[in-house]
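Engineer: Before we start, here is the structure in question, set down as structure tokens.
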Amino acid sequence: MSLRVYNTLGGKKEKFEPVEPGKISMYVCGPTVYDSCHIGHARSVVVFDVIARYFRAIGYDVTYVRNFTDVDDKIINKANQLGIESVEVAEKFIQEFYEDMGALNVERATIEPKATENIDEIIRVIEILIGKDMAYAVDGDVYFAVEKFRDYGKLSGRKLEDMEAGARVEVDDRKRNPMDFALWKAAKPNEPAWESPWGQGRPGWHIECSAMSSRFLGETFDIHGGGKDLIFPHHENEIAQSEAAFEQPFAKYWLHNGFVNIRHEKMSKSLGNFLTIKEVIQQYHPEVVRLFLLSHHYRSPIDFTDQALDEAAAGLDKLYALLDRLDSRLGTGQETSESASGELWSRFCDAMNDDFNTAQGIGYLFDSVRNLNRLLDDNPQKLSGEKRSLLEDGRTNIRTISSVLGVLVESPSDYFDTQKTRALEKAGIDAAEVERLVAERSAARKEKDWAAADRIRNQLEEMNIIVEDRPDGPIWKITR
């Protein structure tokens with residue numbers, strides 16, 4: 001099945017054909033670094049991380065650019081509130097971004113440029129636009145002339161005349177059209193500024209991405225991505241600037257992920273339901289969060305609820321439990337298969353080739369979990385050569401798929417230890433007390449004091465602790 005993607009530019013699925021065979025060039029808008037990242041940011045970053053991972057898994061050479069907007073009104077306002085320099089604010093939240101995304105097992109992009117490190121390129125593109133009469137300077141500011149770009153609105157489907165009619169009266173009457181947007185902003189007191197042909201100032205938001213994407217990926221590249229909230233005006237304005245400057249198509253395919261709602265409501269600071277990544281991963285294992293974010297198609301909205309996260313946690317438990325069983329039966333050495341193949345990998349690729357449908361791919365993964373568990377349950381004392389081969393191939397496929405999804409990065413024992421600690425802390429249970437009771441129960445069983453052993457088991461069950469007796473000793477876990 002050939003890869004098809006839903007292209008926002010055109011509003012339909014299209015066969016994916018890269019600009020250069022065998023290579024992928026992808027630009028995704030990164031954060032404006034003025035505050036801690038929230039779960040909505042996490043969805044966008046995780047979605048495009050998986051897309052890049054999948055392209056690499058199927059043999060493409062991927063150049064993935066994700067920028068940092070490190071000069072912006074919001075950053076300046078935050079710096080003024082804190083009484084520090086804008087660069088300090090930006091660096092603080094860039095570091096937080098790396099910490100949060102590292103916890104979620106997000107791989108670094110190939111190139112991660114900052115706007116402030118690309119001022120010369122930004123000025124160069126603005127000069128091209130002025131030279132083509134697509135932009136104009138007024139008192140140190142530079143504006144893009146939207147009426148000059150014939151296709152303005154082609155990404156969002158908005159018509160310029162309708163936008164003009166609905167626009168509020170602009171205080172700045174220097175604009176030729178109220179929809180014209182700033183490419184360069186004249187310096188103001190106590191703001192960062194750089195020298196330019198129009199005087200000291202700083203770039204507008206939209207021109208930063210046009211300049212950085214063209215510098216690192218070329219004037220035409222494969223994929224431009226981001227959240228749906230960026231379609232207008234940000235991505236619409238990027239297209240206008242870039243295609244006006246370079247006179248060729250900008251990005252071939254535009255991919256936009258859906259929003260994250262919090263307990264059936266739109267996430268909003270004003271509603272008090274604004275969840276940072278740090279807050280979320282204190283409650284849930286980071287891989288649980290990641291699996292949850294991928295459990296719906298990336299273009300669909302997703303509702304963050306306790307039930308949804310608990311379901312993702314239960315699913316992740318099943319994946320790790322299967323790996324634990326497979327490692328116990330097969331050993332933890334290198335699998336015999338060199339790479340993923342067979343029905344599971346083929347079905348997963350079919351799902352991903354249909355506009356990166358991770359939800360369906362995860363469904364196929366759990367189908368395999370059930371099948372492999374049944375295979376392990378069937379005559380568990382003996383493994384025939386054929387059965388061992390099936391189990392080893394299954395383990396290879398699961399590990400390959402999980403590496404695309406960015407989960408199952410821990411050993412099963414480390415994962416369950418982490419989950420056990422989290423659950424105990426949440427329930428307010430002392431792990432040392434549990435260990436003492438389990439040891440007492442083992443001693444009672446050794447002495448064949450079945451009444452005492454049953455009494456301790458009941459006591460543990462009242463604490464939501466279940467004990468499983470294994471040949472190498474008992475193990476215990478806390479139920480959800």
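Engineer: Going through the stretch 171-225 one residue at a time, which ones are basic (Lys, Arg) and within 18 Å of Cys29 (Cα to Cα)?
Structural biologist: Arg215
Engineer: Moving to a separate point now. Specify which of the listed residues (Ile239, Ile223, Ile231, Ile207) is aliphatic (A, V, I, L, M) and farther than 23 Å from Phe16 by Cβ.
Structural biologist: Ile207
Engineer: Filter the stretch 1-57 for residues that are at positive phi and touching a strand residue (DSSP E or B) at 6+ places or on another chain (Cβ under 7 Å) and give the result.
Structural biologist: Gly22
Engineer: Against the definition (assigned to a helix (DSSP H, G or I), surrounded by fewer than 13 Cβ atoms within 10 Å (Cβ to Cβ) and out of contact with any Asp or Glu (no Cβ under 7 Å at 6 or more places or on another chain)), how does Asp393 come out, yes or no?
Structural biologist: no
Engineer: Limited to the stretch 260-295, what total is found for residues that are assigned to a helix (DSSP H, G or I) and surrounded by fewer than 21 Cβ atoms within 10 Å (Cβ to Cβ)?
Structural biologist: Here the count works out to 5.
Engineer: Quick one: would you say Asp367 is open to solvent by 60 Å² or more (accessible area, probe 1.4 Å) and either more than 24 Å from the chain's Cα centre (by Cα) or of a type outside the set (Val, Ile, Thr) (or both)?
Structural biologist: Details: open to solvent by 60 Å² or more (accessible area, probe 1.4 Å): no; either more than 24 Å from the chain's Cα centre (by Cα) or of a type outside the set (Val, Ile, Thr) (or both): yes.
So Asp367 does not fit the description; no.
Engineer: Restricting to the stretch 442-465, name every residue that is of a type in the set (Asp, Glu) and more than 48 Å from the chain's Cα centre (by Cα).
Structural biologist: Result: Glu447, Asp449.
Engineer: When Tyr364 is evaluated against the numbered criteria (1) part of a helix (DSSP H, G or I); (2) under 23 Å from Val106 (Cβ atoms), which criterion, by number, is the only one it fails?
Structural biologist: Here Tyr364 meets the rest and fails (2).
Engineer: Checking Arg56 against (1) open to solvent by less than 10 Å² (accessible area, probe 1.4 Å); (2) assigned to a helix (DSSP H, G or I): exactly one of these is not met. Which one?
Structural biologist: Every listed condition holds for Arg56 apart from (1).
Conditions (1) without any contact (Cβ under 8 Å) to a residue 60 or more places away in the chain; (2) more than 24 Å from Gly363 (Cα to Cα); (3) over 14 Å from the mean Cα position of the chain (by Cα), marked per residue:
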site: Ile262; (1), (2), (3): no, no, yes
site: Glu265; (1), (2), (3): yes, yes, yes
site: Phe274; (1), (2), (3): no, yes, yes
site: Glu279; (1), (2), (3): yes, yes, yes
site: Val289; (1), (2), (3): no, no, no
site: His296; (1), (2), (3): no, no, no
site: Ile302; (1), (2), (3): no, no, no
site: Thr305; (1), (2), (3): yes, no, yes
site: Leu309; (1), (2), (3): yes, no, yes
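Engineer: Have a look at Gln282, Gln334, Gln248 and point out the one that is modelled with pLDDT under 95 and more than 22 Å from Arg43 (Cα to Cα).
Structural biologist: On the way: Gln282 fails: more than 22 Å from Arg43 (Cα to Cα); Gln248 fails: modelled with pLDDT under 95.
When all the criteria are applied, what remains is Gln334.
Engineer: Still on this structure, I have one more. Regarding the stretch 89-111, can at least one residue be identified that is touching a strand residue (DSSP E or B) at 6+ places or on another chain (Cβ under 7 Å), modelled with pLDDT of 95 or more and surrounded by 20 or more Cβ atoms within 10 Å (Cβ to Cβ)?
Structural biologist: Looking only at the stretch 89-111, we keep the residues that are touching a strand residue (DSSP E or B) at 6+ places or on another chain (Cβ under 7 Å), and these are 94, 109-111.
So of that shortlist, the ones also modelled with pLDDT of 95 or more come out as 94, 109-111.
So of that shortlist, the ones also surrounded by 20 or more Cβ atoms within 10 Å (Cβ to Cβ) come out as 109.
Yes: one or more hits.
Engineer: What are the residue pairs meeting all of these: first residue in the stretch 119-140, first residue over 22 Å from Arg176 (Cβ atoms), second residue open to solvent by 30 Å² or more (accessible area, probe 1.4 Å) and assigned to a helix (DSSP H, G or I), Cβ atoms under 6 Å, and 6 or more apart or on different chains?
Structural biologist: Listed by first residue and then by second, the contacts come to Glu121/Arg215.
Engineer: Give all pairs with beta carbons closer than 7 Å in which a residue from the stretch 219-242 that is at positive phi meets a residue that is assigned to a helix (DSSP H, G or I) and open to solvent by less than 30 Å² (accessible area, probe 1.4 Å); count only pairs at least 6 apart in sequence or on separate chains.
Structural biologist: Going by the 7 Å Cβ cut-off, the qualifying pairs are Gly226/Ser44; Gly226/His235.
Engineer: Still on this model: Is at least one residue of the stretch 333-345 among the hydrophobic types (A, V, I, L, M, F, W, C), in contact with a strand residue (DSSP E or B) (Cβ under 9 Å, 6 or more places away or on another chain) and surrounded by 17 or more Cβ atoms within 10 Å (Cβ to Cβ)?
Structural biologist: Checked against the condition, which is being among the hydrophobic types (A, V, I, L, M, F, W, C), in contact with a strand residue (DSSP E or B) (Cβ under 9 Å, 6 or more places away or on another chain) and surrounded by 17 or more Cβ atoms within 10 Å (Cβ to Cβ), the stretch 333-345 yields no hits at all.
Engineer: Quick check on the stretch 409-429. Is at least one of its residues exposed (fewer than 12 other Cβ atoms within 10 Å of the Cβ) and farther than 19 Å from Val288 by Cβ?
Structural biologist: Scanning the stretch 409-429, I find at least one residue that is exposed (fewer than 12 other Cβ atoms within 10 Å of the Cβ) and farther than 19 Å from Val288 by Cβ, so the answer is yes.
Engineer: If you don't mind, another one. Tally up the residues in the stretch 95-135 that are outside any helix (DSSP H, G or I) and under 30 Å from Ser402 (Cα atoms), please.
Structural biologist: Number satisfying all stated conditions: 10.
Engineer: Another question, if that's okay. If you scan the stretch 63-90, which residues turn out to be touching a residue at least 12 places away in the same chain (Cβ under 8 Å), closer than 20 Å to Thr276 by Cβ and not in a strand (DSSP E or B)?
Structural biologist: Passing the criteria: Asp70, Asp72, Lys74, Ile75, Asn77, Lys78, Val89, Ala90.
The values are calculated or read from the model by the stated rules, or taken from the named source; none is laboratory data. Being a predicted model, the structure only gives us computed values, none of them experimental. No Cβ is skipped: glycine too gets one built from the backbone with ideal geometry, and neighbour counts run over all protein chains shown. What goes into the accessible areas is simple: the full protein's heavy atoms, side chains included, and nothing from ligands, DNA or RNA. Shrake-Rupley method; radii C 1.70, N 1.55, O 1.52, S 1.80 Å.
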